[in-house]
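J.: Please find one structure pasted underneath; my questions will follow.
Please treat every number below as a calculation from the coordinates, not as lab data. A quick note: this is a predicted structure, and the numbers were derived from the prediction, not measured. Methodologically, a virtual Cβ is constructed for each residue, glycine included, from the backbone with ideal geometry; neighbour enumeration extends over all protein chains shown.
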Amino acid sequence: MQKHNVNLPIIITGRHVEITDAIREYATKKIESLHLDYPRIIEAKVILDIEHHRQIAEIILFCADHIVIEVKSTTEDIYASIDESTSKIARRMRKFKTRLLKSHRPRKNGSIRHIEEQVFHADDLHGEEETIEAAYVHKEPYKVRPLFPDEAILDLEMSAARPFIVFHNQATHKLAIMFRRKDGEYGLIEPEDTAAAK
């Protein structure tokens with residue numbers, strides 16, 4: 001069991017707040033005190049911010065197996081915000097491990113595929129044509145992993161900022177999209193096999 005995160009890279013940054021030695025030491029000790037053997041933490045980032053009377057602590061853990069866990073807490077005291085965020089992230093790590101153990105299934109060999117994206121140049125948007133096609137405003141590499149639907153939901157729960165995940169559904173062997181609905185539930189999109197339907 002991972003008793004202690006020895007020599008764990010911890011990056012602590014401040015927005016609108018000076019990071020004193022006392023704050024840095026406190027945040028570092030809280031992160032190092034996370035006692036879980038899975039998921040294994042590779043790097044941790046702590047972002048502290050003060051907006052008027054709101055003191056915010058955001059923690060992002062980069063873990064093994066491409067797992068990223070993010071939490072944010074807001075209180076009237078920066079130390080209390082760090083405490084609350086640490087508690088939240090510990091609960092998410094425990095939840096992740098528990099659900100992983102319950103839903104563990106043997107995987108079939110599946111390679112990671114990359115979805116290629118294209119970006120139109122800004123000059124293309126200023127032509128004389130009246131109809132201008134929509135263009136990408138952001139590009140990033142995206143790894144499509146083989147997952148079961150419940151694992152895709154768990155992946156979304158671990159990252160509150162991400163609204164969807166594209167994955168290769170191990171249950172149906174199809175490309176699928178799991179997304180977070182406005183009501184808090186989850187939706188699943190899979191392509192229809194039109195050739196088989198005829």
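J.: Cα-Cα over 26 Å: which of 88/174; 30/95; 72/95; 45/174?
T.: Too far apart for the 26 Å limit: 88/174; 45/174.
J.: Let me ask something else. Using each residue's phi in region 168-178, evaluate 6.51 cos²θ - 1.76 cosθ + 1.60 at θ = phi - 60° and report the 3J(HN,Hα) Karplus result to the nearest Hz, with x for Gly and Pro.
T.: 8, 5, 6, 7, 10, 6, 10, 5, 9, 10, 9
J.: Using Cβ counts within 10 Å as a stand-in for footprinting exposure, how do 182, 45 rank, fewest first?
T.: 182, 45
J.: Now a separate question. How would 185, 70 line up from fewest to most surrounding beta-carbon atoms within 10 angstrom?
T.: Ranked by crowding around the Cβ, least crowded first: 185, 70.
J.: Can you list the residues, at least 5 places off or on another chain, whose amide H is less than 5 Å from the amide H of residue 148, using H built in the peptide plane?
T.: Amide H to amide H, under 5 Å and 5 or more residues apart or across chains, residue 148 pairs with 170.
J.: Hey, another quick one. Could the peptides 75-86, 7-18 be put in order, highest first, of the mean number of other beta-carbon atoms found within 10 Å of their residues?
T.: Details: 75-86: 17.9, 7-18: 12.7.
Packing order, densest peptide first, comes out as 75-86, 7-18.
J.: Most exposed first by the Cβ proxy, i.e. fewest other Cβ within 10 Å, how do 53, 173, 168 rank? If you can, show how the numbers build up before the last one.
T.: Details: 53 8, 173 11, 168 18.
Taking fewest neighbouring Cβ atoms as first place, the list is 53, 173, 168.
J.: Additional query: I need the phi-derived Karplus couplings for region 180-186: 6.51 cos²θ - 1.76 cosθ + 1.60, θ = phi - 60°, integer Hz, Gly and Pro marked x.
T.: 8, 7, 5, 7, x, 7, 10
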